[in-house]
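Visitor: Mind looking over this structure? Questions follow.
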Amino acid sequence: MPEPRSGPSGAEIDVLVAGAGNAAMCAAITAARAGARVLVVEAAPRAYRGGNTRHTRNMRLAHDEGNDILTGPYPVEEFLDDLRAVTGADSNPKLARLLLEESLDLWDWMQAQGVRFQPSLEGTLSLGRTNAFFLGGGRAMLNALHHTAEDLGVEVWYDAEVVGLDIDATSGEFTSATVRRTVPDGPGGAATDHEIAARAFVAASGGFEANLEWLEESWGPPARNFLVRGTPYNRGGVLRLLGDAGVELIGDPRQCHAVAIDGRAPKFDGGIVTRLDCVPFGIVVNQHGERFHDEGEEFWPKRYAIWGRLVAMQPEQVGHVLIDAKSIDSFMPSVFPPERADSIEELAAIVGIDPARTRATVDAFNAACRPGTFDHTIHDDCRTEGIEPPKSHWARPLDQPPYYAYTLRCGITFTYLAVKVDEQTKLIMANGATSPNLLAAGEIMAGNVLDRGYLAGLGMTIGSVFGRIAGREAALHVG
Amino acid sequence: MSAESSETWTARQPVSGPGVLDHATASLAEADRLMTICNACRYCEGLCAVFPAMERRRVFTDGDLDFLANLCHNCGACLYDCQYAPPHEFAVTVPANLAELRAETWARYAWPAQLAAAFARNALVTTLAIVVAVAAFVTAIGVSMGSSFLEVHTGPGAFYDVVPHAVIVLVFIAALGYGLAALSISLRRYWRAIGGGALRWRDLAGAGRSASTLEYLDGGGVGCMNTDERPTDTRRRYHHLTYYGFALCLASTTLAAVLDTGFGSEAPYAWYHPVVVLGAAGGFGLIVGPIGLLAAKHNRDPDLSDAASRPMELSFLVLLLLLAVTGFGVLVLRATAAMPLLLAVHLGVVFAFFVTIPYGKFVHGFYRYLALVRDRQERTAT
């Protein structure tokens, strides 16, 4: 039975925030600092709070000068050029500019909330100027935000999922939410529904990438073979409730950020360690032992994003990278050791593909490699001739045993489907009305500025900037 | 949303490829598993010296892991910052594992090997050492002094009414000599196992600086963690009190020995004498510090610690506390008839401390110091 309109401690609350990650906590902190009574409801248990913020490690922010950590200036205009280069025509240019301009303030604001930064990590020098790395990673940053919120009196309910929203279909005005809360140590551990009335609602609960059934609606049965790189709790419940309540959804539901990761990764939550960047050092064959795409086409991180989709299109949604002894130390250490054998045939048998067919593929590739000077840091002149698909750079014959194999699968990072927002992060209804008190921040509205592609660290920028705006706007409804 | 870049990584220690090495113990095998996960993640790179040292490797030998275990100061930050900490299936618990491995290394390198078992039963061994030594000193002194054991002794040389000067010098030089010799042999073995190179003043001084400031017990700048993910710096403060308290007591004792033996200026000294001032200040640190550390240990998140090491840690702190309390007792009550008994007890505790030096928590500072020296050697070599 839903309880009557009560806040956390019987008191009325001003702002209800769904989600407990970066965007949610930036909103909660900003609203609380403006005097609002804030309740945060998080579907996950405490240990898994904050969705994919836990897996992040930096945020991209504009700055006019370098400092002791950021190695140089990154003006808004340059940031905007970088963003335009990866996104499509459907992103909102006004929101994009707002995002980048507001990001100028993030360095100071984040530190004021107790977040610490550190120089870019080993192997990520290319981000040292543009991205601020969190000391200890995203979970450390998230803990700092939670400590600050706690000190401001923000209450957080864990194991508390929004299962209903009372929204006026015409005006988009929010009145209350039904929150299903499980108290694991409580009597019987049963879920209780609470009807929470609030003056404003901030949707900051992420995308739907962990909802494989939903992905299957667009992708068909192959979606069942996808791995979810982040939290299993991003099931898009609030996104769907808002869509059903008449909020306009934008973006292609089929679009998601998908990368090729170690096929042995856990189904959910494998995070950063399951990445593999060995594609340019060898060849990639499918379950039939055949190559299917130019392995020497692109640099990181572009190839990283391309290969997720490529693998998803192959039979059984797998690809096997074959490399030889020359290259085994040339990429980041993998979390799981590669398969290893003294011959290609043995290796093929171990990974479960036809040995003779694979041998023939390798022979054809080796014969097609033209001599050149190998250099994986540039588009070098090691390429193939006379085979399809070609390998246009970094092509060297696989001829030095032992041979190694990694099986790749498609790992989904996030989805692009979003609720439509204005510059105050207020939700736009399908009928064109602007909701007075429904707001959104983070991945659930990232599609407004990022309809495809990705820039490292941009997700956190979106979360923090729009989280702060949402918190500010929500606080205007303080009773 | 974590898309990332890793375009320029190159191995600094090329090997034949990642693989699973065989390890001598379960803690080592677990440390290898954890370091392999951490090496593919690297988010904790800025927290301390352990993770950058890990990144200099692609595979982890027993010696590598013994090195990393003692380089860890157990600040706890990497547990609370970890996206793979339990309940995640990867169950990454670096502080607890390295604590377990650390204690294991001290036993593994102990000399003579037959006494390594003293680590496993450390509380019993320490208690026995204290009880036996105190009983022996009280009995021997009581018997030799006869009725004057219960009388007031004051003025220069009063302590030598209780124990003759030559006896003190011989017994304690022998006890301390044994303790330090056995410890040195262990440390030498450890240094070889972790691949230590030729010593340079630069590294020794730098490691000394890191050790004396506890540079790596601050979670990378936020402070170390104890009860939960909220940083506090209490352990570092209490460790400083303990460490500097001990150092001041050591300075006081050394100064007294020099004055006494070299200049014929006999204890006890006046309250304003440097020996007394240093000893009193040190004793204060050595009382407040261990009490603070005992309290911190009591409140500590069990996920940060090695449960099996707990008795050893507690008995070491209690031993330090006894050293300070009995020393203070002698100072405060030296003009009373209780002095001979208190001095006997204090000497017994000091003796027990000396002979158990190589077989208890005291060694942690030396192993960690060597790990810090090794870390500096590696950093300048790459």
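The values are calculated or read from the model by the stated rules, or taken from the named source; none is laboratory data. Quick caveat, the model's predicted, so the values are computed rather than measured. Backbone-built Cβ (ideal geometry, glycine too); neighbour counts: all protein chains shown.
Visitor: For region A:351-358, check the following and say yes or no: at least one residue is within 14 Å of chain B (Cβ to nearest Cβ), over 30 Å from A:Asp252 (Cβ atoms) and of a type outside the set (D, E, K, R). Quick ask: steps written out before the conclusion?
Guide: We begin by selecting, within region A:351-358, every residue within 14 Å of chain B (Cβ to nearest Cβ); these are none.
No, region A:351-358 contains no residue that is within 14 Å of chain B (Cβ to nearest Cβ), over 30 Å from A:Asp252 (Cβ atoms) and of a type outside the set (D, E, K, R).
Visitor: Another one. For region B:43-63, give me each residue that is at the interface with chain A (Cβ under 10 Å from one of its Cβ atoms) and among the small types (Gly, Ala, Ser).
Guide: B:Gly46
Visitor: If you check A:Leu135 against the conditions, is it within 8 Å of chain B (Cβ to nearest Cβ), out of contact with any His (no Cβ under 9 Å at 6 or more places or on another chain) and either of a type in the set (Ser, Thr, Tyr) or surrounded by 24 or more Cβ atoms within 10 Å (Cβ to Cβ) (or both)? Give the derivation first.
Guide: Values: within 8 Å of chain B (Cβ to nearest Cβ): yes; out of contact with any His (no Cβ under 9 Å at 6 or more places or on another chain): yes; either of a type in the set (Ser, Thr, Tyr) or surrounded by 24 or more Cβ atoms within 10 Å (Cβ to Cβ) (or both): yes.
Answer is yes for this residue.
Visitor: Would you tally the residues in region A:15-30 being under 17 Å from A:Tyr48 (Cα atoms) and either among the polar types (S, T, N, Q) or modelled with pLDDT under 95 (or both)?
Guide: 1
Visitor: Report every pair of residues separated by at least 6 positions or lying on different chains whose Cβ atoms are under 7 Å apart, first residue within region A:48-76 and assigned by TED's automatic domain parsing to the domain that holds A:Ser464, second in a loop (DSSP other than H, G, I, E, B) and among the aromatic types (Phe, Trp, Tyr).
Guide: A:Tyr48/A:Tyr233; A:Arg49/A:Tyr158; A:Gly51/A:Tyr233
Visitor: Determine whether A:Leu215 is over 16 Å from the mean Cα position of the chain (by Cα) and either buried (at least 20 other Cβ atoms within 10 Å of the Cβ) or part of a loop (DSSP other than H, G, I, E, B) (or both). Steps first, answer last, please.
Guide: Details: over 16 Å from the mean Cα position of the chain (by Cα): no; either buried (at least 20 other Cβ atoms within 10 Å of the Cβ) or part of a loop (DSSP other than H, G, I, E, B) (or both): yes.
Here the answer is no, as A:Leu215 does not meet what is asked.
Visitor: Considering only residues that are within 14 Å of chain A (Cβ to nearest Cβ) and in a loop (DSSP other than H, G, I, E, B), look in region B:86-120 and name the one that is nearest to B:Ala69 (Cα to Cα).
Guide: Only one residue fits best here, namely B:Thr93.
Visitor: Let me ask something additional. Can we say A:Tyr416 is within 35 Å of the chain's Cα centre (by Cα), within 14 Å of chain B (Cβ to nearest Cβ) and modelled with pLDDT of 95 or more?
Guide: Values: within 35 Å of the chain's Cα centre (by Cα): yes; within 14 Å of chain B (Cβ to nearest Cβ): yes; modelled with pLDDT of 95 or more: no.
So A:Tyr416 does not fit the description; no.
Visitor: Still on this structure: Kindly indicate which of A:Ser435, A:Ser464 is polar (S, T, N, Q), in a helix (DSSP H, G or I) and surrounded by 22 or more Cβ atoms within 10 Å (Cβ to Cβ). Break it down stepwise before answering.
Guide: Numbers: A:Ser435 fails: in a helix (DSSP H, G or I).
Just a single option satisfies the conditions, and that option is A:Ser464.
Visitor: Given the conditions (1) in contact with a helix residue (DSSP H, G or I) (Cβ under 8 Å, 6 or more places away or on another chain); (2) of a type in the set (Val, Ile, Thr); (3) closer than 20 Å to B:Pro268 by Cα, which single one is not true for B:Thr380?
Guide: Here B:Thr380 meets the rest and fails (3).
Visitor: Within region B:72-116, track down each residue that is acidic (Asp, Glu) and farther than 21 Å from B:Tyr369 by Cβ.
Guide: Of region B:72-116, the ones acidic (Asp, Glu) are B:81, B:89, B:100, B:104.
Listed by number, the residues that qualify are B:Asp81, B:Glu89.
Visitor: So which of A:Ala31, A:Ala23, A:Ala36 ends up being closer than 22 Å to A:Met445 by Cα and either assigned to a loop (DSSP other than H, G, I, E, B) or within 13 Å of chain B (Cβ to nearest Cβ) (or both)?
Guide: Result: A:Ala23 is the single residue among A:Ala31, A:Ala23, A:Ala36 that is closer than 22 Å to A:Met445 by Cα and either assigned to a loop (DSSP other than H, G, I, E, B) or within 13 Å of chain B (Cβ to nearest Cβ) (or both).
Visitor: Of the residues B:Gly365, B:Gly329, B:Gly292, which single one is surrounded by fewer than 22 Cβ atoms within 10 Å (Cβ to Cβ), closer than 14 Å to B:Gly245 by Cβ and in contact with a His (Cβ under 9 Å, 6 or more places away or on another chain)? Working first, answer last.
Guide: Details: B:Gly365 fails: in contact with a His (Cβ under 9 Å, 6 or more places away or on another chain); B:Gly329 fails: closer than 14 Å to B:Gly245 by Cβ.
The match here is B:Gly292.
So that you can scan it fast, the table gives a plain yes or no per residue for (1) over 20 Å from A:Val335 (Cβ atoms); (2) more than 17 Å from the chain's Cα centre (by Cα); (3) within 14 Å of chain A (Cβ to nearest Cβ):
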residue: B:Cys38; (1), (2), (3): no, yes, yes
residue: B:Cys41; (1), (2), (3): no, yes, yes
residue: B:Leu65; (1), (2), (3): no, yes, no
residue: B:His73; (1), (2), (3): yes, no, no
residue: B:Cys82; (1), (2), (3): no, yes, yes
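Visitor: For A:Ala446, indicate whether it is of a type outside the set (Lys, Arg), touching a residue at least 12 places away in the same chain (Cβ under 8 Å), more than 14 Å from chain B (Cβ to nearest Cβ) and not in a strand (DSSP E or B). Can you show your working first?
Guide: Values: of a type outside the set (Lys, Arg): yes; touching a residue at least 12 places away in the same chain (Cβ under 8 Å): yes; more than 14 Å from chain B (Cβ to nearest Cβ): no; not in a strand (DSSP E or B): yes.
Taking the combined requirement at face value, the residue does not satisfy it.
Visitor: Would you check which residues across region B:1-25 are more than 9 Å from chain A (Cβ to nearest Cβ) and either in contact with an Asp or Glu (Cβ under 8 Å, 6 or more places away or on another chain) or at pLDDT 95 or above (or both) and list them?
Guide: B:Leu21, B:His23, B:Ala24, B:Thr25, listed by residue number.
Visitor: When you scan region A:424-431, do you find a residue that is touching a Leu at 6+ places or on another chain (Cβ under 9 Å), assigned by TED's automatic domain parsing to the domain that holds A:Glu101 and of a type in the set (Lys, Arg), even just one?
Guide: Yes - at least one qualifying residue is present in region A:424-431.
Visitor: Same structure again: I need every pair where a residue in region A:86-97 that is in the same structural domain as A:Met445 (by TED's automatic domain parsing) has its Cβ under 6 Å from the Cβ of a residue that is modelled with pLDDT of 85 or more and not charged (D, E, K, R), sequence separation at least 6 or different chains.
Guide: A:Val86/A:Leu455; A:Thr87/A:Leu450; A:Ser91/A:Val449; A:Asn92/A:Asn448; A:Leu95/A:Asn448; A:Leu95/A:Val449; A:Ala96/A:Leu83; A:Ala96/A:Val449
Visitor: Sticking with this one: Taking region B:297-316 only, how many residues are in contact (Cβ under 8 Å) with a residue 24 or more places away in the chain and either touching a strand residue (DSSP E or B) at 6+ places or on another chain (Cβ under 9 Å) or in a helix (DSSP H, G or I) (or both)?
Guide: In the first step, residues of region B:297-316 are kept if they are in contact (Cβ under 8 Å) with a residue 24 or more places away in the chain; the result is B:299-301, B:303-306, B:308-309, B:311-316.
Imposing the further condition that a residue be either touching a strand residue (DSSP E or B) at 6+ places or on another chain (Cβ under 9 Å) or in a helix (DSSP H, G or I) (or both) reduces the set to B:299, B:303-304, B:308-309, B:311-316.
Final tally of qualifying residues: 11.
Visitor: What number goes with the only condition from (1) surrounded by fewer than 19 Cβ atoms within 10 Å (Cβ to Cβ); (2) under 18 Å from B:Gly365 (Cβ atoms) that B:Thr234 does not pass?
Guide: Exception for B:Thr234: condition (2).
Visitor: Sticking with this structure for a sec: Could you grab me the full set of residues in region A:186-243 that are within 19 Å of A:Val156 (Cβ to Cβ) and not assigned by TED's automatic domain parsing to the domain that holds A:Thr461?
Guide: A:Thr231, A:Tyr233, A:Asn234, A:Gly237, A:Val238
Visitor: Out of (1) closer than 22 Å to B:Thr154 by Cα; (2) modelled with pLDDT under 95; (3) not aliphatic (A, V, I, L, M), what's the single condition that is false for B:Thr234?
Guide: (1)
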